[in-house]
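Colleague: After the structure tokens below, expect a handful of questions from me.
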Amino acid sequence: MEMKMIGRIHTDFVTKFGVPRQSGLVPELMGKIVLEPEYRNPDAFRGLEEFSHLWLVWEFSEAVRPEWSPTVRPPRLGGNRRVGVFATRSPFRPNPIGLSCVKLEQIDLQDSRKPVIWVSGVDMMDGTPIYDIKPYLPYADSHPGAKGGFTDGTQVRRVRVEFPEELVAASEISGEKLQALRGVLEQDPRPRYQKDPERIYGMSFGEYEVKFTVQENVLRVVELVRGENSG
């Protein structure tokens, strides 16, 4: 079966490090879906503005590989316990397909590449291929009594983020961007097996380079600067 890429989503994540492990965990994170020229037909999206949330079907483009493993080590289990790949949302699957529920923020018909679709709560790298867009249906898609398998017995890890005021002021980062970055850092983007309190971690976020340390339950930003190619 041939899958056609209908567009790409553009986000603040140029690398995998820091990308939230699930959609919706950081509501402030924005993404912009730019369609391929052959799908830039506003008629194809007529009525979509009536929905608040969307399902995005996309490709783990940085995890494509010829082989696959029947078991993986989920981060929620500390990376120590193996479970079946189909009991997880691991990117290392027979078909590297992702599924995300995001909030529809705007359908921009003024952009020359119209329609451009703005969404929030994203969990994808910049440039991720999008294969399909579907409306989220509360009457069918919401299951309040659903069980979460092994995730029911694990806690969502959050850390307290400390941003020195002088770094924020010097970086000239906008309030919205700062709020989104704080949400990302509160998720503790480190791999679960890395616990060195002296180590300085680094990640890219949009046009910014961020460096931080984590001691116990406190993440402290030690550097926040614009990248050399930020313009």
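The values are calculated or read from the model by the stated rules, or taken from the named source; none is laboratory data. Nothing here was measured: the structure is a model prediction, and the numbers come from that model. As a convention, Cβ positions derive from the backbone with ideal geometry for all residues, glycine included, and neighbour counts pool all protein chains shown. Only protein heavy atoms, including side chains, enter the accessible area calculation; ligands, DNA and RNA are left aside. Shrake-Rupley method; radii C 1.70, N 1.55, O 1.52, S 1.80 Å.
Colleague: Could you grab me the full set of residues in the range 192-231 that are touching a Ser or Thr at 6+ places or on another chain (Cβ under 9 Å) and among the β-branched types (Val, Ile, Thr)?
Modeller: The answer is Ile200, Val210, Val221, Val222, Val225.
Colleague: Which of the residues that make up the range 118-132 are open to solvent by less than 30 Å² (accessible area, probe 1.4 Å), within 13 Å of Lys103 (Cα to Cα) and assigned to a strand (DSSP E or B)?
Modeller: Once the filter is applied, which keeps residues that are open to solvent by less than 30 Å² (accessible area, probe 1.4 Å), within 13 Å of Lys103 (Cα to Cα) and assigned to a strand (DSSP E or B), the range 118-132 yields Val119, Ser120.
Colleague: Let me ask something else. Test Glu59 against the stated conditions and say whether it is open to solvent by 30 Å² or more (accessible area, probe 1.4 Å) and under 20 Å from Glu36 (Cβ atoms).
Modeller: Details: open to solvent by 30 Å² or more (accessible area, probe 1.4 Å): yes; under 20 Å from Glu36 (Cβ atoms): yes.
So Glu59 passes the test.
Colleague: Against the conditions (1) open to solvent by 70 Å² or more (accessible area, probe 1.4 Å); (2) part of a loop (DSSP other than H, G, I, E, B), where does Arg192 fall short? Just the number, please.
Modeller: (1)
Colleague: For the range 94-107, give me each residue that is open to solvent by 30 Å² or more (accessible area, probe 1.4 Å) and closer than 20 Å to Gly206 by Cβ. Full working, then the answer.
Modeller: We begin by selecting, within the range 94-107, every residue open to solvent by 30 Å² or more (accessible area, probe 1.4 Å); these are 94-95, 97, 99, 101, 103, 105-107.
Of everything in the range 94-107, those that are open to solvent by 30 Å² or more (accessible area, probe 1.4 Å) and closer than 20 Å to Gly206 by Cβ turn out to be Lys103, Glu105, Gln106.
Colleague: Go through the range 14-56 and report how many residues are assigned to a loop (DSSP other than H, G, I, E, B), hydrophobic (A, V, I, L, M, F, W, C) and either open to solvent by less than 50 Å² (accessible area, probe 1.4 Å) or without any contact (Cβ under 8 Å) to a residue 12 or more places away in the chain (or both). Step through it out loud before you land on a result.
Modeller: Just the residues of the range 14-56 that are assigned to a loop (DSSP other than H, G, I, E, B), to begin with: 14-29, 36, 40-41, 46-47, 51-52.
Filter once more, keeping what is hydrophobic (A, V, I, L, M, F, W, C): 14, 17, 19, 25-26, 29, 51.
Now narrow it down to the ones that are either open to solvent by less than 50 Å² (accessible area, probe 1.4 Å) or without any contact (Cβ under 8 Å) to a residue 12 or more places away in the chain (or both): 19, 26, 29.
Within the range 14-56, residues that are assigned to a loop (DSSP other than H, G, I, E, B), hydrophobic (A, V, I, L, M, F, W, C) and either open to solvent by less than 50 Å² (accessible area, probe 1.4 Å) or without any contact (Cβ under 8 Å) to a residue 12 or more places away in the chain (or both) number 3.
Colleague: Could you list, ordered by first residue, the pairs with Cβ atoms under 7 Å in which the first is in the range 181-193 and among the acidic types (Asp, Glu) and the second is outside any loop (DSSP other than H, G, I, E, B) and open to solvent by less than 40 Å² (accessible area, probe 1.4 Å), at least 6 apart or interchain?
Modeller: Glu186/Val161; Asp188/Val214; Asp188/Leu219
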